[in-house]
Amino acid sequence: QSALTQPASVSGSPGQSITISCTGTSSDVGGYNYVSWYQQHPGKAPKLMIYEVSNRPSGVSNRFSGSKSGNTASLTISGLQAEDEADYYCSSYTSSSTRNVFGTGTKVTVL
Amino acid sequence: QVQLVQSGAEVKKPGASVKVSCKASGYTFTSYGISWVRQAPGQGLEWMGWISAYNGNTNYAQKLQGRVTMTTDTSTSTAYMELRSLRSDDTAVYYCARDSVGYCSGGSCYGEYYFDYWGQGTLVTVSS
């Protein structure tokens, strides 16, 4: 099972919006609404930001939103803030024998 | 509050085994699963497998089949991950995470395949 494809890096200025893509196949992202997104600061454990494509857990800022079209899911961060600088990973259920697959990861830089 | 507390760092020689623990608190342990995820230095996240804390059913990543065993002790709300025949490329931080899939039965799983709480991570170094 190959990792989902994410851009290596995305950057933006404070206050701007950025979007991170996560491309898979019909066996994972495109076939199921079980896409989740995780934020990871250096040296820290990942944190759940979005689940089931577009749902935000309690306590996560509404500046974070998720969507999906075909085999590509997206995470949008609006009103970019310095604290949003981190690595972001998508994850999806997959119908292969390896139940979950992560994306390659995207480093977000706030200019 | 939900907490997952993992055991401390380990240094192992190639060919040896390692067993990492993950003690859960703040929720009903048997209502959720536990997934294990690892991250090699400077690399991305890799899902290793899942265990139901309800009935002990497991689902392992294909590449680790035969080398990994996940277990739980419901009396202490603790999950364990054992990895055998260690190689240098097993050097990584190993995380446990609460998994929304609580159990599977008859080919169907009950949950949404996401990880909402994570342990602090355990560094496992494999070196001769």
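The values are calculated or read from the model by the stated rules, or taken from the named source; none is laboratory data. Just so it is clear, the structure is predicted and the values come from calculations on it, not from any experiment. With ideal geometry, Cβ positions are generated from the backbone for all residues, glycine too; neighbour counts draw on all protein chains shown. Heads up: the accessible areas ignore ligands, DNA and RNA and are worked out on the full protein's heavy atoms, side chains in. Shrake-Rupley method; radii C 1.70, N 1.55, O 1.52, S 1.80 Å.
Within the range A:57-111, the only residue that satisfies the criterion of being within 14 Å of chain B (Cβ to nearest Cβ), open to solvent by 10 Å² or more (accessible area, probe 1.4 Å), of a type in the set (Gly, Ala, Ser) and in a strand (DSSP E or B) is A:66. Being part of a loop (DSSP other than H, G, I, E, B), open to solvent by less than 30 Å² (accessible area, probe 1.4 Å), among the aliphatic types (A, V, I, L, M) and modelled with pLDDT of 95 or more: is that true of residue A:53 here? Yes, satisfied.
The set of residues in the range A:26-50 that are assigned to a loop (DSSP other than H, G, I, E, B), small (Gly, Ala, Ser) and within 11 Å of another protein chain (Cβ to nearest Cβ) comprises A:43, A:45.
Residues in the range B:100-110 that are more than 9 Å from chain A (Cβ to nearest Cβ) and surrounded by 14 or more Cβ atoms within 10 Å (Cβ to Cβ): B:102, B:103, B:104. For the range A:16-28, indicate whether the set of residues that are at positive phi and in contact with a Gly (Cβ under 8 Å, 6 or more places away or on another chain) is non-empty. Taking every residue of the range A:16-28 in turn, none turns out to be at positive phi and in contact with a Gly (Cβ under 8 Å, 6 or more places away or on another chain). For the range A:1-25, a residue qualifies if it is within 16 Å of residue A:52 (Cα to Cα), away from every other protein chain (no Cβ under 14 Å) and either of a type in the set (Val, Ile, Thr) or part of a loop (DSSP other than H, G, I, E, B) (or both), and exactly one does: A:23.
So which residues in the range B:1-57 are open to solvent by 60 Å² or more (accessible area, probe 1.4 Å), within 13 Å of chain A (Cβ to nearest Cβ) and not small (Gly, Ala, Ser), if there are any at all? Within the range B:1-57, B:1, B:3, B:5, B:41, B:43, B:57 meet the criteria. Evaluation of residue B:64 against the conditions (1) within 11 Å of the chain's Cα centre (by Cα); (2) within 12 Å of chain A (Cβ to nearest Cβ) shows that the sole unmet condition is (1). Among the residues of the range B:64-88, the one identified as among the charged types (D, E, K, R) and loosely packed, with under 13 Cβ neighbours inside 10 Å is B:87. Restricting the first member to the range B:1-13 and to residues that are closer than 11 Å to residue B:117 by Cα, and the second to residues that are among the charged types (D, E, K, R) and open to solvent by less than 60 Å² (accessible area, probe 1.4 Å), no beta-carbon pair is closer than 6 Å while six or more apart or on different chains.
Among residues of the range B:109-122 that are among the charged types (D, E, K, R), those with a Cβ under 7 angstrom from a residue that is open to solvent by less than 20 Å² (accessible area, probe 1.4 Å), sequence gap 6+ or separate chain, pair up as B:112/B:100; B:116/A:48; B:116/B:98; B:116/B:100.
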